[in-house]
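Here's the structure we're looking at; comments come further down.
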Amino acid sequence: MLRRLFLLVAFGALGTLAACVQHEPLHAVPVVGQHGMVVCTEPLAAEAGLSMLRAGGNCVDAAVATAFALAVTWPSAGNLGGGGFMVMHLADGRETALDFRETAPVAATRDMYLGPDGKPIPERSTIGHLGVATPGSVPGLCAALARYGTKPLATVLAPAIALAESGYPLSAHHVAALNGERKLLSKNAESLRIFLCAGNKLQVGQQFKQPELARTLRRLAEYGEQEFRTGETAQLIAAEMQRSAGILSAADLVNYNVHARAPLRGRYRNYDILAMPPPSSGGVALLQMLGMLEAFDLRAMDWESARARHWIIESMKRAFADRTRHLGDPDQSDIPVTQLLSPAHIAAMRDSLGERAATPSAAALPLTRERHETTHLSVVDAHGGAVAITTTLNGSFGSGVTVAGAGFLLNNEMDDFASAPGVPNMYGLVQGEANAVAPLRRPLSSMTPTVLLRDGNVVFVTGSPGGPTIISTVLLSILAFVDAGADAAAAVEAARFHHQWNPDQLSFEPATFNALQRAALEKRGHRFVASPRFQGDCHAIQRNPATGVLQGAADPRHGGRAAGW
Ligand code: DON
């Protein structure tokens, strides 16, 4: 039986609000359907995707509609000015891993975030124009639709346009997220005016309209992807950058490339795993962790026991150690993916696991807290086609820079590079040479959109935000599904914990470990550091391949929604 977590933080989960303690069990609301399912963090965006499925669209139409709607209804992470990854398995068997990750502008230089002392200048890569990498979301979503969708761009954009034009009532989640980033958003006049309503108090229920964004989306519907490369929107971005000494140029927008990559394919017990290759570290790490864990009968030992968790934590550490050493943009460095996923390497990793003792990490660094800053959506259509998209501005509301006249925020994805290899970024991640800043390089990511198949049929779709904790959250949802026989709802409810090798600390959600388990793990040498709040926002869909019945479940930690029919 899966444990039920206890809700510790209500609105504090979305920002820096004081935690308000509630003791309610975490319950995901499962939604059952046969014709299609969309699950994401914001109900109106889920409905936008569902409307495409109801109108006969496929999973790609629905996913693209949801992603564009999230750019309107979830401005902290849904975006036009960011990037993301999409893993898909279509009903006709086509599979791809679409990489629309942001890319360093051509003018980027290795030392651009360092001071004269060679140390990173605080906030230079996180706040304002210099942190902005060339956005990939619009080219990526347009490419996905053109190659794999069935509906015209204007149709798929229609729900987003309506939501921007007519507005939507701000939820408690919106108000908490916006208030939580007041400081960042107040640094930029357009962000202050639009997202903080010019400094007026934000009220739950107030209608939030975004006329500039609606006009941008209308232009996109009319002129297509070119609008973002050479059209008025591109000009507005370039002008925004020029005004504030940003380095992103009009040429960067013109030259941005979407990459359709081969998904990583792995196997865990009787399931095939489709995962995101580099520049995500997520797929490699996930397949390594599953490869190590395959050797243990987690089901027999109870996957929530201290013993099982010891193996899980030790697997996490080893995969993260490889991430640091080896991963980066495959188009710029030689990333040894084949070797990292080779049976021999995984066997060696597994052989290094010890039953009795945790392996200490080499160095200890402070773990920065996770915030609610990326977003994931899962879609399955009536024919068994599936899409998993994780998309981000990186930090909550990205760089805090809104493109004047265009109404959307720009990312601060440059912070995902190692400003100085060996020095931790905003997630405490230490990274190697392959992830140093370089022109036209994609920064290493942890986003892990993932699809599970059984005998060629989609059975589970999952993904989450959470910086490096994404990989652990996705792993735990898969272990719950495969090893504990959990349905989608129980898989997203399952307790979460995370170890990223460096710092040598285990972060965990409240009530994940009981006193006995904790003592047993501490005795082995695991160092516990309570997370200030929840880990991740995982949205999953489970499909019965025999009947086609779908169960969707949004993560109960936040305000998500499964919408199906
Ligand atoms: O690509 C990455 O790994 C990060 N930019 C993701 C950031 C993130 O998930 C923050 N969210 N909570």
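Numerical summary
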| item | result |
| --- | --- |
| Assigned charges on the beta-carbon of Lys, Arg, Asp, Glu; region 448-552 dipole about Cα centre (debye) | 220 debye |
| Semi-axis lengths, Å, the chain, gyration tensor of Cα atoms, sqrt of 5 times eigenvalues | 33, 27, 23 |
| Area projected by the alpha carbon convex hull of region 52-114, averaged over all directions, nm² | 6.5 nm² |
| Compactness relative to 2.2 N^0.38 Å, alpha carbon Rg of region 275-366 | 1.13 |
| Packing-based exposure ordering (other Cβ within 10 Å, fewest first) of His259, His27, His499 | His27, His259, His499 |
| Count of Lys pairs (Cα-Cα under 28 Å; at least 8 positions apart or interchain) in the chain | 10 |
| Ratio of Rg to Rh over region 364-508 (Cα coordinates, Kirkwood Rh, two decimals) | 1.01 |
| J(HN,Hα) series, region 137-143, from Karplus relation 6.51 cos²θ - 1.76 cosθ + 1.60, nearest Hz, glycine and proline x | 4, 5, x, x, 5, 5, 5 |
| Assigned charges on the beta-carbon of Lys, Arg, Asp, Glu; the chain dipole about Cα centre (debye) | 740 debye |
| Label point at Arg219 placed 7 Å out along Cα→Cβ; residues across region 231-275 whose backbone nitrogen lies under 18 Å | 231-244, 248-256 |
| Cleavage-rule hits (trypsin sites (Lys or Arg not before Pro)) in region 153-242: DSSP loop, at most 11 neighbouring Cβ within 10 angstrom | Lys201 |
| Shape call, region 83-227: gyration tensor on alpha carbons, a/c limit 1.5 | oblate |
| Net charge, Leu264 excluded, C-beta distance under 13 Å - Lys, Arg +1, Asp, Glu -1 | 0 |
| Listed residue (Leu452, Phe195, Val138) projecting farthest to the positive dipole end of the chain, Cβ model | Phe195 |
| Footprinting exposure proxy for Thr41, Thr216 (fewest neighbouring C-beta atoms within 10 Å first) | Thr216, Thr41 |
| Value of relative contact order over the chain, rounded to a whole percent, pairs C-alpha under 8 Å and six or more apart | 26 percent |
| Residue-averaged 222 nm ellipticity for the chain, from DSSP H runs of 4+ at -39500 (n - 2.57), nearest 500 | -10000 deg cm²/dmol |
| Ranked list, fewest to most other Cβ atoms within 10 Å of each Cβ, for Phe320, Phe208 | Phe208, Phe320 |
| Rounded, prolate or oblate (a/c below 1.5 giving rounded, otherwise prolate when a/b exceeds b/c) for region 382-434 by Cα gyration tensor | oblate |
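Throughout, read-outs are computed from the coordinates displayed, never taken from laboratory work. Note that this is a predicted model, so its numbers are computed, not measured. As a convention, Cβ positions derive from the backbone with ideal geometry for all residues, glycine included, and neighbour counts pool all protein chains shown.
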